[in-house]
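Structure first, then comments.
The values are calculated or read from the model by the stated rules, or taken from the named source; none is laboratory data. In this text, all values refer to a predicted model and were calculated from it rather than measured experimentally. All Cβ positions, even for glycine, are placed from backbone atoms using ideal geometry, and neighbour counts span all protein chains on display. Heavy atoms of the whole protein, side chains included, go into the accessibility calculation; ligands, DNA and RNA do not. Shrake-Rupley method; radii C 1.70, N 1.55, O 1.52, S 1.80 Å.
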Amino acid sequence: MQQDAVPISSILSLLTGDGGNFLGIIFLSLQVTITAVTCAGLVGLPLGAGLALVRFPGRTVIIVLVNTMMGFPPVVAGLAIFLLLSRSGPLGELGLLFTPKAMMIAQFVLVLPIIVALTRQTIEDLWTEYQDHMTSLGAGRLRSIPTLLWDARFSLVTTLLAGLGRASAEVGAILIVGGNIAGFTRTMTTSIALETSKGDLPLAMALGVVLMSLTLVINSLAFGISRVGARFSGKS
């Protein structure tokens, strides 16, 4: 049976704010994603820099594991976090399952390896370039980390934006640990999946427009910052 065309007026009505929980879904999505990426950045940037410069037994194994975790299946990550946060799990007493905090944890776990891996590569390349100069100034590997992080700030902002793009498109893990509860843990991606299956295409398409717009903004910022960084460093 052919489905009726989606009225453009219905989509525009939702985009202009006349759509019940539409804005709430967007705000919750942004809150969860930005919080998760911020926390992942606070942990991942120094961790990636340390992994780039500090030599210790098993370092190569950790690098391989971090790179592997960049492609960690979201549903597997969601299942692991679900088991940790469930009532029978070791963290069940915290009561975090099916809450926005659980979704933040899931996105944090997925984004952290990306930030660590990209930061490690960036700082390692910079150390190769500036090692002699830093050594002549009496700065060892550990003391060079703040300087190299600052020097790589444009590339690292792009790294954070890459993590933000990854988190904003996530659906599998947050669906498992959040439960897609209306008005509480329902985000743009989980709403699109649900509303499409229900046949509510105006809402799904309106959220899709917002999500695509967000993706466009993130990629534009990443491109612009990379160009500014290249000009600042004199490489273009």
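Can you tell me which of SER220, SER136, SER29 moves the most in a GNM of the chain? Springs connect C-alpha atoms under 10 Å apart.
Result for the chain, Cα springs under 10 Å: SER136 fluctuates most.
If you stretched the chain out fully between LEU65 and LEU79, how much longer would it get, using 0.36 nm times the residue separation minus the C-alpha to C-alpha distance? Intermediate values should be presented prior to the final figure.
Numbers: separation 14, 0.36 × 14 = 5.04 nm, distance 1.91 nm.
Contour length minus Cα-Cα distance gives 3.1 nm.
In terms of solvent-accessible area of protein heavy atoms at a 1.4 angstrom probe, what is the ranking of TRP127, TRP150, highest value first? Don't skip to the end; give the middle numbers.
Details: TRP127 15, TRP150 165 Å².
Sorted descending by solvent-accessible area, the residues read TRP150, TRP127.
If I take every Cα pair under 8 Å that is 6 or more residues apart in the stretch 19-186, average their sequence separation and divide by the length, what percent do I get for the relative contact order?
On the way: 211 pairs, mean separation 66.1, N = 168.
Reported as a whole number, the value is 39 percent.
By how many degrees, 0 to 90 and rounded to 10, does the Cα axis of helix 100-136 deviate from the longest principal axis of the chain?
Between helix and principal axis, roughly 20 degrees.
Counting only protein heavy atoms, what percent of the accessible surface of the stretch 78-236 is carbon or sulfur at a 1.4 Å probe? If you can, show how the numbers build up before the last one.
Numbers: 5490 of 8220 Å².
Here it works out to 67 percent.
Could you pull the accessible area for SER213 with a 1.4 Å probe, rounded to 10 Å²?
About 60 Å², rounded to the nearest 10.
Please get the size of the charge dipole for the chain, origin at its Cα centre, with Cβ charges of +1 on Lys and Arg and -1 on Asp and Glu, quoted in debye to the nearest 20.
Values: 14 positive and 11 negative charges, 120 e Å.
So the dipole magnitude of the chain works out to roughly 580 debye.
Where in the stretch 70-147 are there trypsin sites (Lys or Arg not before Pro) that are in a DSSP coil and have at most 10 other Cβ atoms within 10 angstrom of their Cβ?
On the way: sites: ARG87, LYS101, ARG120, ARG141, ARG143; in loops: ARG87.
Of the trypsin sites (Lys or Arg not before Pro), the ones in loops of the stretch 70-147 whose Cβ has at most 10 other Cβ atoms within 10 Å are ARG87.
Is it possible to state the helix-based mean residue ellipticity at 222 nm for the chain, with each DSSP H run of 4+ residues giving -39500 (n - 2.57), the sum divided by total residues, to the nearest 500 deg cm²/dmol? What is it?
Value at 222 nm, helices only, nearest 500: -25500 deg cm²/dmol.
Among THR99, VAL157, GLN121, whose Cα sits farthest toward the positive end of the charge dipole of the stretch 91-177 (+1 at Cβ of Lys/Arg, -1 at Cβ of Asp/Glu, about the Cα centre)?
THR99
With every protein chain left in place, what is the accessible area per residue of the stretch 19-186 in square angstrom, probe 1.4 Å?
Working: 8440 Å² over 168 residues.
Accessible area per residue, the stretch 19-186: 50 Å².
How big is the accessible area of LEU85 in square angstrom, nearest 10, if you roll a 1.4 angstrom probe over the protein chains?
10
Let a ≥ b ≥ c be the square roots of the eigenvalues of the Cα gyration tensor of the stretch 19-186; is it rounded (a/c under 1.5), or, if not, prolate (a/b larger than b/c) or oblate?
On the way: a/c = 2.99, a/b = 1.97, b/c = 1.52.
It comes out prolate by the Cα gyration axes.
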